[in-house]
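The values are calculated or read from the model by the stated rules, or taken from the named source; none is laboratory data. Every value quoted in this text rests on a predicted model; they were computed, and no experiment measured them. Backbone-built Cβ (ideal geometry, glycine too); neighbour counts: all protein chains shown. What goes into the accessible areas is simple: the full protein's heavy atoms, side chains included, and nothing from ligands, DNA or RNA. Shrake-Rupley method; radii C 1.70, N 1.55, O 1.52, S 1.80 Å.
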Amino acid sequence: MVFQTADVLRRSDGGEQEAYPLLRIMTPLIKFRACRDARVVTGDAMEVRGGCGYIEEFSDARLCGTPSRLHLEGTSNIVALDVIRAIQREDSLPPCVPMSTPC
């Protein structure tokens, strides 16, 4: 997904008009994915450290705390709104053509 987004960004920056609408959807989705995966990675880092990972002096415990959870929940709502705006404003999700031609 990261490489796909990077390719679409490169094409959009190069002036390809068709790439921008796709970029408008992929950008918030990649942000959501990164925020969601950050919690998993942080949790795994805490497990690797064993009991020491749960001590508040280490950064992993702070990263896994309430601010991280709130950021994730807020991000998912913002992503949903941003994708809806992209679909409405930039026509980023055109309807499919008849079944004879794949979408």
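The protection proxy used here, the mean number of other Cβ atoms lying within 10 Å of each residue, ranks peptides 5-12, 34-41 as follows, highest first: 5-12, 34-41.
Only protein heavy atoms count here; on that basis, with a 1.4 Å probe, M26 has an accessible area of about 20 Å². Taking a virtual spin label 7 Å from the Cα of R85 along the C-beta vector, which residues in segment 1-40 bring their backbone nitrogen under 14 Å of it? From segment 1-40, the list is 24-29.
Label-to-label distance, R10 versus R49, with points set 7 angstrom from Cα along the beta-carbon direction: 3.7 nm.
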